[in-house]
Amino acid sequence: AKPIVAVVGRPNVGKSTLFNKLIGQRLSIVEDTPGVTRDRIYAPCEWRGKQFMLVDTGGIEPKTDDVILKQMRRQAQIAIDTADVTILLTDMKDGLTATDHEVADMLLKTGKPIVLCVNKCDSVGEPPLEFYEFYNLGLGEPIQISAAHGHGTGDLLDAVFDLL
Ligand code: GDP
Ligand code: MG
């Protein structure tokens, strides 16, 4: 079976946009409303000759009473549990949030390799100062990407490749 790579993070950081960019099709629904992807969506991917299954998840809100957000978190947990590598996606526009820390803790509990990625770095070159906050997650050097523009996705795939 192909290894599984799951895209996780809180709602609205751009997981579905990244998923669609990486698989080259618009399979996943991208929405301005947080939490539009409710279920897991799988698609085959290949990078430098290595094949894997990419999984989009609905997003994780650790502390919520909302029934739909709870269901999304359950789905995301299943994706995390079955994944060989997880991509933790965060959002440059929002900066580092408490929820990012909570999602990182969920991922660290699995003991599986994590690639930390900061999305919405829309301008290429030196990242803004706030980018360096993401080092505080303790997951190593964050990879700056713009899922919408496609910047940095090659670096991200290279990092995933090394962990497969
Ligand atoms: P998800 O909830 O994590 O799956 O997030 P979506 O992929 O649905 O995206 C949420 C919002 O962020 C949408 O309005 C996207 O157009 C926007 N978005 C996604 N990637 C980028 C990016 O690289 N730059 C900017 N500026 N916006 C983005
Ligand atoms: Mg989504």
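With the structure loaded, tell me whether residue 71 is surrounded by fewer than 22 Cβ atoms within 10 Å (Cβ to Cβ), out of contact with any helix residue (DSSP H, G or I) (no Cβ under 6 Å at 6 or more places or on another chain) and part of a strand (DSSP E or B) or whether it fails that test.
Taking the combined requirement at face value, the residue does not satisfy it.
Among the candidates 112, 63, single out the residue that is part of a loop (DSSP other than H, G, I, E, B), over 11 Å from the mean Cα position of the chain (by Cα), under 19 Å from residue 158 (Cβ atoms) and charged (D, E, K, R).
112
For the range 115-154, what are the residues that are of a type in the set (S, T, N, Q) and over 14 Å from the mean Cα position of the chain (by Cα)?
123, 136
Within the range 123-137, does at least one residue satisfy the condition of being within 17 Å of residue 15 (Cβ to Cβ), in contact with a helix residue (DSSP H, G or I) (Cβ under 9 Å, 6 or more places away or on another chain) and polar (S, T, N, Q)?
Scanning the range 123-137, I find no residue that is within 17 Å of residue 15 (Cβ to Cβ), in contact with a helix residue (DSSP H, G or I) (Cβ under 9 Å, 6 or more places away or on another chain) and polar (S, T, N, Q), so the answer is no.
From 59, 154, 140, 150, which residue is crowded, with 22+ Cβ neighbours inside 10 Å and out of contact with any Ser or Thr (no Cβ under 6 Å at 6 or more places or on another chain)?
Exactly one residue qualifies, and that residue is 59.
Inside the range 29-73, can you point out the residues that are more than 11 Å from ligand 2 (Cβ to nearest atom), touching a strand residue (DSSP E or B) at 6+ places or on another chain (Cβ under 6 Å) and at pLDDT 90 or above?
Of everything in the range 29-73, those that are more than 11 Å from ligand 2 (Cβ to nearest atom), touching a strand residue (DSSP E or B) at 6+ places or on another chain (Cβ under 6 Å) and at pLDDT 90 or above turn out to be 45, 52, 53, 54, 55.
The values are calculated or read from the model by the stated rules, or taken from the named source; none is laboratory data. The shown structure was predicted, so the numbers you read here are calculated from the model rather than taken from an experiment. No Cβ is skipped: glycine too gets one built from the backbone with ideal geometry, and neighbour counts run over all protein chains shown.
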